[in-house]
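Beneath this line is the structure, given in C-alpha coordinates, with notes to follow.
The values are calculated or read from the model by the stated rules, or taken from the named source; none is laboratory data. This one's a predicted model, so the numbers in the text were calculated from it and none came from an experiment. Reconstructed Cβ throughout: ideal geometry from the backbone, glycine too, with neighbour counts over all protein chains shown. Surface areas here come from the heavy atoms of the whole protein model, side chains and all, with no ligands, DNA or RNA. Shrake-Rupley method; radii C 1.70, N 1.55, O 1.52, S 1.80 Å.
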Amino acid sequence: MNCIIIDDEPLARTEMRALIQEVSTLEILGEFSNARAALNFLSSNVVDLIFLDIEMPMVSGIEFATQLPGSILIIFTTAYPQYALKSYELDAIDYLLKPIDKLRLAKAINKAEAYKNMLSNDTEKNTIEGNTKDFLLIKSNRRFHKIKFEDIEFIEGLKDYVVIHMANQKLITAMNLKTFHQKTPQEMFLRISKSYVVNKNFIESYDHNTVYLSGNELPLGEFYKNDFITVYSQGSISPNT
(Lines give C-alpha, C1' and ligand atoms only; values in the text may rest on other atoms or scores of the structure.)
Protein backbone atom coordinates (compact mmCIF):
# COMPACT_ATOMS: atom_id res chain seq x y z
CA MET A 1 0.00 0.00 0.00
CA ASN A 2 1.35 3.44 -0.86
CA CYS A 3 0.71 6.99 0.34
CA ILE A 4 1.55 10.66 -0.07
CA ILE A 5 1.85 13.46 2.50
CA ILE A 6 0.30 16.90 1.97
CA ASP A 7 1.18 19.65 4.46
CA ASP A 8 2.28 23.25 3.96
CA GLU A 9 4.79 23.03 6.85
CA PRO A 10 8.15 21.44 5.87
CA LEU A 11 8.86 20.30 9.43
CA ALA A 12 5.42 18.67 9.69
CA ARG A 13 6.08 16.74 6.46
CA THR A 14 9.47 15.57 7.73
CA GLU A 15 8.02 14.45 11.05
CA MET A 16 5.13 12.64 9.35
CA ARG A 17 7.47 10.79 7.02
CA ALA A 18 9.59 9.65 9.98
CA LEU A 19 6.56 8.49 11.95
CA ILE A 20 5.07 6.60 9.01
CA GLN A 21 8.36 4.81 8.36
CA GLU A 22 8.67 3.94 12.04
CA VAL A 23 5.23 2.37 12.48
CA SER A 24 4.42 0.90 9.06
CA THR A 25 5.66 -0.49 5.76
CA LEU A 26 3.76 2.05 3.66
CA GLU A 27 5.52 3.18 0.51
CA ILE A 28 5.73 6.98 0.56
CA LEU A 29 5.48 8.17 -3.04
CA GLY A 30 5.89 11.87 -2.38
CA GLU A 31 5.43 14.95 -0.20
CA PHE A 32 3.61 18.13 -1.24
CA SER A 33 3.25 21.59 0.26
CA ASN A 34 -0.11 22.34 -1.34
CA ALA A 35 -3.15 20.67 -2.87
CA ARG A 36 -2.51 21.84 -6.43
CA ALA A 37 0.90 20.19 -6.60
CA ALA A 38 -0.65 16.99 -5.20
CA LEU A 39 -3.42 17.05 -7.82
CA ASN A 40 -0.81 17.27 -10.58
CA PHE A 41 0.88 14.20 -9.13
CA LEU A 42 -2.41 12.31 -8.82
CA SER A 43 -3.21 12.92 -12.47
CA SER A 44 -0.47 10.47 -13.49
CA ASN A 45 0.03 8.29 -10.40
CA VAL A 46 -2.12 5.81 -8.46
CA VAL A 47 -2.24 6.63 -4.76
CA ASP A 48 -3.92 4.49 -2.09
CA LEU A 49 -3.79 6.79 0.96
CA ILE A 50 -3.26 10.50 1.62
CA PHE A 51 -2.14 12.07 4.89
CA LEU A 52 -3.81 15.45 4.50
CA ASP A 53 -3.39 18.68 6.45
CA ILE A 54 -6.47 20.91 6.59
CA GLU A 55 -5.46 24.55 6.99
CA MET A 56 -3.32 25.22 3.93
CA PRO A 57 -3.02 28.20 1.55
CA MET A 58 -4.94 28.37 -1.75
CA VAL A 59 -6.94 25.16 -1.31
CA SER A 60 -7.79 23.74 2.13
CA GLY A 61 -7.54 20.05 2.89
CA ILE A 62 -11.33 19.90 3.22
CA GLU A 63 -11.83 21.43 -0.23
CA PHE A 64 -9.16 19.17 -1.70
CA ALA A 65 -10.77 16.04 -0.26
CA THR A 66 -14.04 16.77 -2.10
CA GLN A 67 -12.15 16.58 -5.41
CA LEU A 68 -10.65 13.14 -4.83
CA PRO A 69 -11.95 9.90 -6.37
CA GLY A 70 -13.61 7.42 -4.06
CA SER A 71 -10.76 4.94 -4.41
CA ILE A 72 -8.33 7.13 -2.43
CA LEU A 73 -8.43 6.85 1.36
CA ILE A 74 -7.80 9.92 3.52
CA ILE A 75 -6.33 10.43 6.99
CA PHE A 76 -6.56 14.07 8.06
CA THR A 77 -3.67 15.49 10.09
CA THR A 78 -4.29 18.84 11.76
CA ALA A 79 -3.78 20.92 14.88
CA TYR A 80 -7.45 21.97 14.89
CA PRO A 81 -10.08 19.70 16.50
CA GLN A 82 -13.08 21.64 15.15
CA TYR A 83 -12.84 19.97 11.74
CA ALA A 84 -13.31 16.44 13.06
CA LEU A 85 -17.01 16.05 12.26
CA LYS A 86 -16.60 17.54 8.80
CA SER A 87 -13.80 15.09 8.07
CA TYR A 88 -16.05 12.11 8.82
CA GLU A 89 -18.73 13.57 6.57
CA LEU A 90 -16.11 13.29 3.81
CA ASP A 91 -15.67 9.59 4.63
CA ALA A 92 -12.16 10.05 6.01
CA ILE A 93 -10.56 6.95 7.46
CA ASP A 94 -9.32 8.87 10.49
CA TYR A 95 -8.60 12.28 11.98
CA LEU A 96 -5.28 12.77 13.77
CA LEU A 97 -4.49 15.79 15.94
CA LYS A 98 -0.98 17.25 15.97
CA PRO A 99 1.36 16.53 17.61
CA ILE A 100 0.56 13.08 16.27
CA ASP A 101 0.87 10.17 18.67
CA LYS A 102 2.82 7.24 17.25
CA LEU A 103 0.43 4.57 18.51
CA ARG A 104 -2.56 6.55 17.28
CA LEU A 105 -0.96 6.82 13.84
CA ALA A 106 -0.29 3.09 13.73
CA LYS A 107 -3.94 2.40 14.55
CA ALA A 108 -5.10 4.72 11.75
CA ILE A 109 -2.78 3.08 9.22
CA ASN A 110 -3.91 -0.39 10.26
CA LYS A 111 -7.51 0.70 9.74
CA ALA A 112 -6.69 2.10 6.29
CA GLU A 113 -4.91 -1.11 5.29
CA ALA A 114 -7.81 -3.23 6.49
CA TYR A 115 -10.29 -1.14 4.52
CA LYS A 116 -8.09 -1.21 1.43
CA ASN A 117 -8.04 -5.01 1.62
CA MET A 118 -11.80 -5.15 2.04
CA LEU A 119 -12.38 -2.80 -0.88
CA SER A 120 -10.03 -4.82 -3.07
CA ASN A 121 -11.14 -8.31 -2.12
CA ASP A 122 -14.72 -8.35 -0.94
CA THR A 123 -16.87 -5.68 -2.56
CA GLU A 124 -17.45 -7.63 -5.76
CA LYS A 125 -18.15 -10.81 -3.82
CA ASN A 126 -20.52 -9.52 -1.14
CA THR A 127 -24.02 -8.63 -2.26
CA ILE A 128 -27.25 -8.29 -0.32
CA GLU A 129 -29.68 -10.83 -1.74
CA GLY A 130 -32.61 -10.13 0.56
CA ASN A 131 -33.75 -9.29 4.05
CA THR A 132 -36.48 -10.03 6.56
CA LYS A 133 -37.38 -8.24 9.76
CA ASP A 134 -34.75 -10.32 11.58
CA PHE A 135 -31.80 -10.74 9.24
CA LEU A 136 -29.98 -9.89 6.02
CA LEU A 137 -29.03 -12.50 3.45
CA ILE A 138 -25.58 -11.73 2.05
CA LYS A 139 -23.97 -13.64 -0.81
CA SER A 140 -20.21 -14.09 -0.62
CA ASN A 141 -18.11 -16.53 -2.68
CA ARG A 142 -21.23 -18.32 -3.99
CA ARG A 143 -22.51 -18.94 -0.47
CA PHE A 144 -25.37 -17.25 1.34
CA HIS A 145 -24.82 -15.95 4.87
CA LYS A 146 -27.54 -14.95 7.32
CA ILE A 147 -26.56 -11.80 9.23
CA LYS A 148 -28.89 -11.18 12.15
CA PHE A 149 -29.73 -7.53 12.73
CA GLU A 150 -29.35 -8.01 16.46
CA ASP A 151 -25.66 -8.89 15.90
CA ILE A 152 -24.85 -5.72 13.95
CA GLU A 153 -23.32 -3.07 16.21
CA PHE A 154 -23.14 -0.26 13.66
CA ILE A 155 -22.93 0.39 9.93
CA GLU A 156 -20.34 2.72 8.47
CA GLY A 157 -20.63 4.49 5.14
CA LEU A 158 -17.32 4.50 3.25
CA LYS A 159 -17.37 6.18 -0.16
CA ASP A 160 -19.88 4.14 -2.21
CA TYR A 161 -19.84 1.20 0.20
CA VAL A 162 -21.04 0.24 3.64
CA VAL A 163 -19.07 -1.62 6.28
CA ILE A 164 -21.16 -3.82 8.56
CA HIS A 165 -19.53 -3.96 11.99
CA MET A 166 -20.18 -6.95 14.24
CA ALA A 167 -18.35 -8.12 17.35
CA ASN A 168 -16.00 -10.51 15.55
CA GLN A 169 -16.47 -9.68 11.89
CA LYS A 170 -16.68 -6.88 9.33
CA LEU A 171 -18.37 -7.17 5.96
CA ILE A 172 -18.32 -4.64 3.16
CA THR A 173 -20.75 -4.37 0.29
CA ALA A 174 -21.35 -1.93 -2.56
CA MET A 175 -24.33 0.10 -1.41
CA ASN A 176 -24.76 3.61 -0.06
CA LEU A 177 -25.62 4.08 3.60
CA LYS A 178 -29.09 5.55 3.02
CA THR A 179 -30.20 2.53 0.97
CA PHE A 180 -28.73 0.10 3.49
CA HIS A 181 -30.42 1.88 6.40
CA GLN A 182 -33.79 1.44 4.68
CA LYS A 183 -33.27 -2.33 4.78
CA THR A 184 -32.83 -2.38 8.57
CA PRO A 185 -35.51 -2.32 11.29
CA GLN A 186 -36.01 1.43 11.81
CA GLU A 187 -36.92 0.98 15.46
CA MET A 188 -33.51 -0.61 16.08
CA PHE A 189 -31.10 1.35 13.85
CA LEU A 190 -30.59 5.11 14.16
CA ARG A 191 -28.77 7.44 11.79
CA ILE A 192 -26.35 9.56 13.83
CA SER A 193 -24.30 11.21 11.07
CA LYS A 194 -23.69 11.21 7.35
CA SER A 195 -21.38 8.23 7.78
CA TYR A 196 -22.88 6.14 10.61
CA VAL A 197 -26.00 4.19 11.53
CA VAL A 198 -25.99 2.53 14.96
CA ASN A 199 -27.88 -0.29 16.63
CA LYS A 200 -29.40 1.45 19.65
CA ASN A 201 -29.09 -1.72 21.72
CA PHE A 202 -25.30 -1.36 21.68
CA ILE A 203 -25.22 2.31 22.69
CA GLU A 204 -23.58 2.75 26.08
CA SER A 205 -23.76 6.55 26.36
CA TYR A 206 -23.55 9.75 24.37
CA ASP A 207 -22.66 13.41 24.69
CA HIS A 208 -23.39 16.34 22.41
CA ASN A 209 -20.74 15.33 19.87
CA THR A 210 -20.14 11.59 20.25
CA VAL A 211 -22.01 8.30 20.57
CA TYR A 212 -20.18 5.60 22.56
CA LEU A 213 -20.77 1.92 21.95
CA SER A 214 -18.80 -1.30 22.37
CA GLY A 215 -15.41 0.39 22.56
CA ASN A 216 -16.11 2.72 19.63
CA GLU A 217 -16.58 6.48 19.61
CA LEU A 218 -18.70 7.65 16.67
CA PRO A 219 -19.38 11.28 15.69
CA LEU A 220 -22.86 12.66 16.29
CA GLY A 221 -23.72 14.93 13.36
CA GLU A 222 -25.42 18.28 13.92
CA PHE A 223 -28.15 17.52 11.38
CA TYR A 224 -29.09 14.25 13.13
CA LYS A 225 -28.51 15.34 16.74
CA ASN A 226 -32.00 16.53 17.71
CA ASP A 227 -33.76 13.43 16.38
CA PHE A 228 -31.23 11.18 18.08
CA ILE A 229 -31.54 12.90 21.47
CA THR A 230 -35.33 12.84 21.20
CA VAL A 231 -35.25 9.04 21.01
CA TYR A 232 -33.54 8.92 24.39
CA SER A 233 -35.45 11.73 26.06
CA GLN A 234 -37.43 9.08 27.92
CA GLY A 235 -34.32 8.34 29.93
CA SER A 236 -33.26 4.99 28.43
CA ILE A 237 -29.74 6.40 28.11
CA SER A 238 -28.28 9.31 30.04
CA PRO A 239 -25.96 11.69 28.21
CA ASN A 240 -22.39 12.08 29.41
CA THR A 241 -21.59 15.34 31.12
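Summary of computed values
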{"read-out": "Cut-off under 5 Å, modelled amide H: who pairs with residue 216 long-range", "value": "none"}
{"read-out": "Antiparallel bridge percentage (DSSP; both residues within the chain; nearest 5)", "value": "65 percent"}
{"read-out": "Extreme residue, positive dipole direction of the chain, given options 52, 189, 114 (C-beta unit charges)", "value": "189"}
{"read-out": "Gaussian network model of the chain, Cα within-10 Å springs - most flexible of 94, 151, 53", "value": "151"}
{"read-out": "Whole-Hz ³J(HN,Hα) from phi, Karplus 6.51 cos²θ - 1.76 cosθ + 1.60, for the stretch 188-194, glycine and proline x", "value": "9, 10, 10, 7, 10, 6, 4"}
{"read-out": "Accessible area (Å², 1.4 Å probe, nearest 10) - residue 56", "value": "20 Å²"}
{"read-out": "Value of [θ]222 nm, deg cm²/dmol, for the chain, DSSP H segments ≥ 4, -39500 (n - 2.57) each, nearest 500", "value": "-8500 deg cm²/dmol"}
{"read-out": "Surface share of carbon and sulfur [accessible, 1.4 angstrom probe, percent] for the chain", "value": "47 percent"}
{"read-out": "The stretch 1-125 - Rg (one decimal) and Dmax (whole number), Cα, Å", "value": "13.5, 43"}
{"read-out": "Rounded accessible area of residue 33 (nearest 10 Å², 1.4 Å probe)", "value": "50 Å²"}
{"read-out": "Three-way shape call for the stretch 75-194 based on the alpha-carbon gyration tensor, with the a/c threshold at 1.5", "value": "prolate"}
{"read-out": "Simple Cβ-charge dipole of the stretch 80-228, Lys/Arg +1 and Asp/Glu -1, about Cα centre, in debye nearest 20", "value": "420 debye"}
{"read-out": "R0 of 30 Å, Cβ-Cβ distance residue 102-residue 27: FRET efficiency to nearest 0.05", "value": "0.95"}
{"read-out": "Calculated FRET value between residue 212 and residue 151, using beta carbons and R₀ = 25 Å, to 0.05", "value": "0.85"}
{"read-out": "Solvent exposure ordering (accessible area, 1.4 Å, most first) of 78, 230, 132", "value": "230, 132, 78"}
{"read-out": "Three-way shape call for the stretch 127-166 based on the alpha-carbon gyration tensor, with the a/c threshold at 1.5", "value": "oblate"}
{"read-out": "Test item: Cα-centred dipole of the stretch 10-127, Lys/Arg +1 and Asp/Glu -1 on Cβ, debye", "value": "140 debye"}
{"read-out": "Accessible area (Å², 1.4 Å probe, nearest 10) - residue 178", "value": "130 Å²"}
{"read-out": "Cβ-based charge dipole, the chain, positive-most Cα from 71, 83, 138", "value": "138"}
{"read-out": "Gap separating the Cα centres of the stretch 179-208 and the stretch 66-95, nearest whole Å", "value": "21 Å"}
{"read-out": "Given 102/178; 116/178; 86/146; 148/225, the pairs whose alpha carbons are separated by over 32 Å", "value": "102/178; 86/146"}
{"read-out": "Coarse-grained scattering of the chain at q = 0.17 Å⁻¹, given as base-10 log I(q)/I(0) from a Debye sum over alpha-carbon atoms", "value": "-1.28"}
{"read-out": "Dipole axis of the chain (+1 Lys, Arg; -1 Asp, Glu on Cβ), positive-most option in 216, 202, 96", "value": "202"}
{"read-out": "Residues with amide H under 5 Å from that of residue 145, placed H, sequence gap 5 or more", "value": "138, 139, 140"}
{"read-out": "Nonlocal amide H pairs with residue 158, under 5 Å, H built at 1.01 Å", "value": "163"}
{"read-out": "Accessible area (Å², per residue) of the stretch 74-195, counting only protein heavy atoms and a probe of 1.4 Å", "value": "52 Å²"}
